[in-house]
Amino acid sequence: FNPVSDVSQKKVISYYISVSTILEYKDKAINKMNRVLDVFAGISCDVDLLWLCDEYAEAVLENDDKELFEKYLAFKERFLSLYPGGITTDMKKASDYSAAYFGDHLLAANLFLKTGKPVMIQEIDL
């Protein structure tokens, strides 16, 4: 991956939401993802967002819920318009590169905890 921060030297925050969370919460999850993007886009002078996405998310969503899959792709397109190259599936690389983590409390959060970097767990309903 090649986040905008490679050039700007801004702090990078890794964002992760699991495909299981998306499938469980459906539109609520997509709305949360868009709200997170809105917040970070609003502070883009200070930080860049790196989306740490599930490797199989697109295949799973396309298979399980076509409408949700389309919304996910729309989010991805919007994300890339704000953060070109800011997507990775490599959790280790993201944890090495990022200053902090925001997202689901799963494997990615645990990996960041081991590095001693700040971890913020998201609540879908907020």
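The values are calculated or read from the model by the stated rules, or taken from the named source; none is laboratory data. In this text, all values refer to a predicted model and were calculated from it rather than measured experimentally. All Cβ positions, glycine included, derive from the backbone under ideal geometry; neighbour counts span all protein chains shown. Heavy atoms of the whole protein, side chains included, go into the accessibility calculation; ligands, DNA and RNA do not. Shrake-Rupley method; radii C 1.70, N 1.55, O 1.52, S 1.80 Å.
Observations, loosely collected:
- The set of residues from region 61-70 being over 20 Å from Arg35 (Cα atoms) and either surrounded by 18 or more Cβ atoms within 10 Å (Cβ to Cβ) or in contact with a Ser or Thr (Cβ under 9 Å, 6 or more places away or on another chain) (or both) comprises just one member, Leu61.
- In region 78-126, the residue that is surrounded by the most Cβ atoms within 10 Å (Cβ to Cβ) out of those that are hydroxyl-bearing (Ser, Thr, Tyr) and in a strand (DSSP E or B) is Tyr101.
- When the residues of region 29-44 are filtered to those that are small (Gly, Ala, Ser) and at pLDDT below 90, the one that is surrounded by the fewest Cβ atoms within 10 Å (Cβ to Cβ) is Gly42.
- Selected residue (only one of Leu73, Leu52 is of a type outside the set (Asp, Glu), open to solvent by less than 60 Å² (accessible area, probe 1.4 Å) and touching a Ser or Thr at 6+ places or on another chain (Cβ under 6 Å)): Leu52
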